[in-house]
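This report refers to the structure that appears directly beneath it.
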Amino acid sequence: MVRDKYHNQLIQLQEKISSLSELVKNAIKESIISLQDHNVEQAVDVIKDDIKIDEISTQIEIDCMRLLALQQPLARDLRLIVAIIKINIDLERTGDLAVAIAKVTVAIDNEIHIKPLVDIPRMATVVCKMIDGAQRAFCESDSDLAYDIAIFDNEVDALYNQVWREIMTLMIENPHNIRNASQLTLIARNLERMGDHVSNMCESIVYMVTGKRVKLN
Amino acid sequence: MIKLLENETIEIESIDINLWYDDVQALKDISIKLPKNKVTAIIGPSGCGKSTFLRCINRMNDLIKTCRVTGELLCGSTDIYGKDIDVITLRKKIGMVFQKPNPFPMSIYDNIAYGPRIHNNLNKNKLNDLVEESLRSAALWDEVKDKLNKSALSLSGGQQQRLCIARTLAVKPEVILFDEPCSALDPISTTRIEDLIGKLKKDYTIIIVTHNMQQAARASDYTAFFLLGEMIEFGKTKIIFEKPKQKSTEDYITGRFG
């Protein structure tokens with residue numbers, strides 16, 4: 001290896017992305033568990049812990065800027081850094097969406113949900129599975145896997161449409177449901193957006209590996 | 001390569017060029033087409049044959065006794081290694097700028113006028129015009145117009161290099177070969193030369209050998225990657241530097257060897 005220090009920095013940057021995606025995934029899981037359990041304390045923790053996500057994300061951005069300025073990366077290294085810059089933004093936004101869910105949990109407090117939460121946790125499970133897969137595709141530079149993972153966004157979208165239809169029906173049936181219903185719709189919408197962000201991450205991974213710019217959602 | 005260059009006019013074409021220094025083979029079956037009015041960069045680690053190939057194009061290698069070349073090298077329809085070729089005329093048509101600025105130990109004016117005085121019989125006024133035009137094209141005129149009779153050696157390194165470019169332009173070449181033209185220059189002079197190369201390609205075909213990858217990426221339209229005497233990859237610069245096809249090209253430009 002000719003540029004050991006530089007290449008070690010690239011590896012560290014990849015590791016930071018892995019840590020970031022772990023944190024984001026936990027934030028999603030906990031935001032949904034706190035929603036299900038009406039656990040305001042846990043929801044507040046999710047909101048507070050977002051600062052850790054923001055810190056790592058900012059650090060990744062600084063590291064990328066520094067590598068671009070000092071090392072003038074080219075070819076696969078350039079594609080890696082460009083992908084990291086984009087994935088970093090998508091992960092940070094996904095973290096913010098988990099915070100938005102936690103805020104709704106705080107607002108709902110002990111109010112009973114108008115329906116049992118089935119599809120919303122299922123959406124969260126699919127999104128977390130997508131983040132896991134995207135992380136693996138990123139670490140292993142596996143563009144085929146990135147394509148496969150992006151397809152799961154269809155499942156998230158289908159679940160969102162299902163939740164939306166169901167909630168609309170409940171609202172029409174009884175206007176007293178509207179308050180809780182609109183909050184649940186907001187949550188489902190946030191999860192749907194998360195799926196889009198992970199699809200974007202998959203696009204960045206395909207670019208990183210193949211140099212091709214693709215649209216996967 | 002046919003599709004890659006389908007919208008280009010080919011200025012230089014090399015067909016299976018092999019070159020030996022004694023019994024050491026420095027170039028192996030180099031076949032490449034270099035487009036007219038474009039900048040082509042040749043990159044590769046030390047000893048890969050890039051400068052050797054560049055020197056083939058205006059037969060500078062003739063000066064090395066042990067050097068032997070086979071294959072065909074065409075400039076337009078002219079066979080560069082043809083029997084009837086006058087090497088002096090060839091080098092007028094295919095000019096060269098070297099790594100270190102090498103002005104003649106004479107005045108700025110005489111440096112530029114040297115070539116035209118040999119090749120053409122110009123009257124004083126025409127010669128003055130040509131000197132000015134060459135210096136302007138090399139983006140040096142404004143800096144030296146009041147001291148044309150001063151020694152060229154009094155100029156800074158970057159100015160000397162632009163003087164050498166002006167000197168090359170004065171004999172009206174068609175092709176200009178740059179052999180690491182900025183490696184002895186500071187960053188500002190380097191930027192000036194790169195800007196100049198960008199402007200010159202309108203009128204000339206430019207081939208540049210450089211160790212500076214970013215320079216190749218910035219200044220050229222096409223890039224050829226050489227390794228151990230072979231041409232590994234040739235393509236549009238933006239593709240070579242973003243997603244090269246060959247692994248060894250990628251390894252070299254990302255600093256994994258070389």
> Looking only at residues in region B:187-212 that are in a helix (DSSP H, G or I) and among the basic types (Lys, Arg), which one is nearest to B:GLU8 (Cα to Cα)?
Replying inline: B:LYS199
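Looking only at region A:1-51, count how many residues are more than 14 Å from chain B (Cβ to nearest Cβ) and either more than 19 Å from A:VAL106 (Cβ to Cβ) or aromatic (Phe, Trp, Tyr) (or both).
Summing the residues that are more than 14 Å from chain B (Cβ to nearest Cβ) and either more than 19 Å from A:VAL106 (Cβ to Cβ) or aromatic (Phe, Trp, Tyr) (or both) in region A:1-51 gives 14.
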> Residues in region B:213-258 that are buried (at least 17 other Cβ atoms within 10 Å of the Cβ), part of a loop (DSSP other than H, G, I, E, B) and more than 10 Å from chain A (Cβ to nearest Cβ): how many?
Replying inline: 3
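Any residue at all in region A:62-75 that's assigned to a loop (DSSP other than H, G, I, E, B) and more than 14 Å from chain B (Cβ to nearest Cβ)?
Going residue by residue through region A:62-75, those that are assigned to a loop (DSSP other than H, G, I, E, B) are A:72-74.
With more than 14 Å from chain B (Cβ to nearest Cβ) added as a condition, the list becomes none.
Checked region A:62-75: no residue is assigned to a loop (DSSP other than H, G, I, E, B) and more than 14 Å from chain B (Cβ to nearest Cβ).
Look through A:LEU68, A:LEU97 and report the one residue that is touching a residue at least 40 places away in the same chain (Cβ under 8 Å) and of a type in the set (A, V, I, L, M). Write out each step before concluding.
Numbers: A:LEU68 fails: touching a residue at least 40 places away in the same chain (Cβ under 8 Å).
The match here is A:LEU97.
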> Does any residue of region B:196-211 turn out to be within 19 Å of B:MET96 (Cβ to Cβ), modelled with pLDDT under 95 and within 14 Å of chain A (Cβ to nearest Cβ)?
Replying inline: yes
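Can you list the helices (runs of 4 or more DSSP H) lying wholly within region B:75-186 that have 3 or more residues being in contact (Cβ under 8 Å) with a residue 24 or more places away in the chain, buried (at least 19 other Cβ atoms within 10 Å of the Cβ) and touching a Leu at 6+ places or on another chain (Cβ under 7 Å)? Give the derivation first.
On the way: elements: B:87-93, B:108-119, B:124-137, B:141-144, B:157-170.
Passing ranges, in order: B:108-119, B:124-137, B:157-170.
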> Limited to region B:80-102, what total is found for residues that are closer than 19 Å to B:ARG117 by Cβ and of a type in the set (Ser, Thr, Tyr)?
Replying inline: 1
> Using beta carbons and a limit of 9 Å, which pairs, at least six apart or on different chains, have the first residue in region B:20-41 and free of Cβ contacts under 8 Å to residues at least 40 places away in the same chain and the second one assigned to a strand (DSSP E or B)?
Replying inline: B:LYS33/B:ILE10; B:LYS33/B:GLU11; B:LYS33/B:ILE12; B:LYS33/B:GLU13; B:LYS33/B:SER14; B:LYS33/B:PHE234
> When you go through A:ASP153, A:ASP119 one by one, which is the residue that is in contact with a Leu (Cβ under 7 Å, 6 or more places away or on another chain) and surrounded by 18 or more Cβ atoms within 10 Å (Cβ to Cβ)?
Replying inline: A:ASP119
> Going through region B:59-74 one residue at a time, which ones are outside any helix (DSSP H, G or I), crowded, with 16+ Cβ neighbours inside 10 Å and at negative phi?
Replying inline: B:CYS67, B:VAL69, B:LEU73, B:LEU74
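The values are calculated or read from the model by the stated rules, or taken from the named source; none is laboratory data. Please read all numbers here as calculations on a predicted model, not as lab measurements. Cβ: placed from backbone, ideal geometry, glycine included. Neighbour counts: every protein chain shown.
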